[in-house]
Amino acid sequence: MEERVLEFVKGLRGRGVPVSTAESIDALGAVDVVGLEDAASFKAALKAALVKNSKDIAHFEELFPLYFLDLGSAGEVEVPGEELLASLERVAREMAGEGKKGALLLLLLGGRGSEWEPFISAAAGEVGTSQLATRMQLGMYTRRIFDAVDWQEMEEELELLLARMREEGYGEEELLRVREIFLSNREAFRGQVRRFVEREQARNADRVPVPERMERLVARPLSSLDEHELQQMRRVVDMLARRLRNKISLREKRMRRGKLDVRATLRGNMQQGGVPFRLVLRNKRMEKAELMVLCDISSSVARVSQFMLQFVYTIQDCLAKVRSFVFVDELGEVTDFFREEDIAEGVKRALTEAGIAYYARSDFGEVFRQFCERYLQDVGYRTYILVIGDARNNYNDPCTWALEKIRDRCKAVIWLNPETRSFWGTGDSVIWEYAPYCREVRVCRTLRDLEDTVTSLLL
């Protein structure tokens, strides 16, 4: 168990939880004192020793069942009565004496879930888990490890065991109970395999250096992320935004310093024979861009819109002005949410409290018409209009004239489409009708695509 606790400490450190050597020693001492009999006391002791900040509790709760899955197995298994269990063990010992394997079968029938892990580890060794990198592979590896156990041979051993018990006078009702215990505990075994695989994936992920882990995430389609990866991605958005802000700050410093004006320098130093004792720099006034973001929040597009809002408002100090809108078949401005709340809460409110019908059918033409009617006068020559949506208009009027009016008044319209290009223009997609009024129409399925778009606007 000491080795498992130390592995758990490594897992916590991999998630960014600060655990010192002294705290690791405290955890081992706490485990010694409370023992393993009471799972709740064991968990509480570890938490007290290892977690010093409330924000790290979520990481502890997530990793604990992965590293100590055997402690949580008792509530999932079926356990036979004492008399039946004694008979099962006796018959199993007799079968073992005759060369039958039966070890895992007896553990399954006895409901001894805390002793299953060695068999799971052995099966995992046959399959190999070194390539288990993402949570999308959990189902595949769970199936492979579960199937690595010879269930057909075990069922044959079960039939032999039941036949011997029948010979000894056990009734069909008791034999049926044994079969039910086997089937139920086999599913519990599958559940432990799943948790074992989750633990191995967490270990493998923690071994990957943070920069490499970040690069993998930003290249993943946003629509394929699970809840755990979404939480990680929100932190990655902040990291990317800070990196972009630093690039912009460096560019501004260089522009304030100015570039060498060669002609003016030579003219100004004629009296020194053209030797440039005094440099003349050419300053360029830098204007910050204004940004209006129109986010489709229907179906899978909502996830791209969610991260774009977070990204934009994380770098808002690099822009002259940011205004944001969400829509399905009508337009709602959500700019004020980000003035009143922190960014995460602002995004949450934008996706739930914009005063629009969230479960309507998309109507891009109506949205652009409403924008022209309400907000066109606020668009200026420095304003970029960033539209995020799949342009699936449900066969409504696309109102291309409205987007044309917007294009004529702003600096540029940039359209980000989360669908792959091969689907553009199919079915009710009207993206090619809107494309002539946009400076760029890009595929945007990953965080990398979002970062590239915002970077190209600001740098």
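The values are calculated or read from the model by the stated rules, or taken from the named source; none is laboratory data. The shown structure was predicted, so the numbers you read here are calculated from the model rather than taken from an experiment. Glycine also receives a Cβ, built like all others from the backbone with ideal geometry; neighbour counts cover every protein chain displayed.
Scan region 363-380 and give yes if some residue there is within 16 Å of TRP432 (Cβ to Cβ), β-branched (Val, Ile, Thr) and in the same structural domain as VAL322 (by TED's automatic domain parsing), otherwise no.
no
With respect to MET140, is the statement that it is within 17 Å of ASN204 (Cβ to Cβ), in the same structural domain as ARG203 (by TED's automatic domain parsing), at pLDDT 85 or above and in a helix (DSSP H, G or I) true?
Yes: the conditions hold for MET140.
Could you list all residues from region 411-459 that are touching a Gly at 6+ places or on another chain (Cβ under 9 Å) and in contact (Cβ under 8 Å) with a residue 60 or more places away in the chain?
Within region 411-459, LYS411, LEU416, PRO418, VAL430 qualify.
Would you mind stating whether ALA357 is closer than 30 Å to TYR395 by Cα and in the same structural domain as GLU419 (by TED's automatic domain parsing)?
Spelling it out, ALA357 is indeed closer than 30 Å to TYR395 by Cα and in the same structural domain as GLU419 (by TED's automatic domain parsing).
Could you say whether any residue in region 425-433 is in a helix (DSSP H, G or I) and at pLDDT below 95?
no
Could you say whether any residue in region 198-207 is modelled with pLDDT of 85 or more, surrounded by 15 or more Cβ atoms within 10 Å (Cβ to Cβ) and either in contact with a strand residue (DSSP E or B) (Cβ under 9 Å, 6 or more places away or on another chain) or not β-branched (Val, Ile, Thr) (or both)?
The answer is no; no qualifying residue exists.
What pairs come up if the first residue lies in region 38-66 and is under 17 Å from ALA202 (Cβ atoms), the second is at pLDDT below 85 and outside any helix (DSSP H, G or I), and their beta carbons are under 6 Å apart, counting only those six or more places apart or on different chains?
Between residues of region 38-66 that are under 17 Å from ALA202 (Cβ atoms) and residues that are at pLDDT below 85 and outside any helix (DSSP H, G or I), the close pairs are ASP56/VAL17; HIS59/ARG15; HIS59/VAL17.
Looking at (1) of a type outside the set (Asp, Glu); (2) under 17 Å from LEU222 (Cα atoms); (3) surrounded by 13 or more Cβ atoms within 10 Å (Cβ to Cβ), can you tell me which one LEU457 breaks?
LEU457 satisfies all of (1) of a type outside the set (Asp, Glu); (2) under 17 Å from LEU222 (Cα atoms); (3) surrounded by 13 or more Cβ atoms within 10 Å (Cβ to Cβ) except (2).
For (1) surrounded by fewer than 18 Cβ atoms within 10 Å (Cβ to Cβ); (2) of a type in the set (D, E, K, R), each residue gets a yes or a no:
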| position | (1), (2) |
| --- | --- |
| LEU331 | no, no |
| THR335 | yes, no |
| ASP342 | yes, yes |
| GLY346 | no, no |
| ALA350 | no, no |
| GLU353 | yes, yes |
| ALA357 | yes, no |
| ALA360 | yes, no |
| ARG369 | no, yes |
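Quick check on TYR313: is it within 20 Å of THR453 (Cβ to Cβ) and hydroxyl-bearing (Ser, Thr, Tyr)?
Spelling it out, TYR313 is indeed within 20 Å of THR453 (Cβ to Cβ) and hydroxyl-bearing (Ser, Thr, Tyr).
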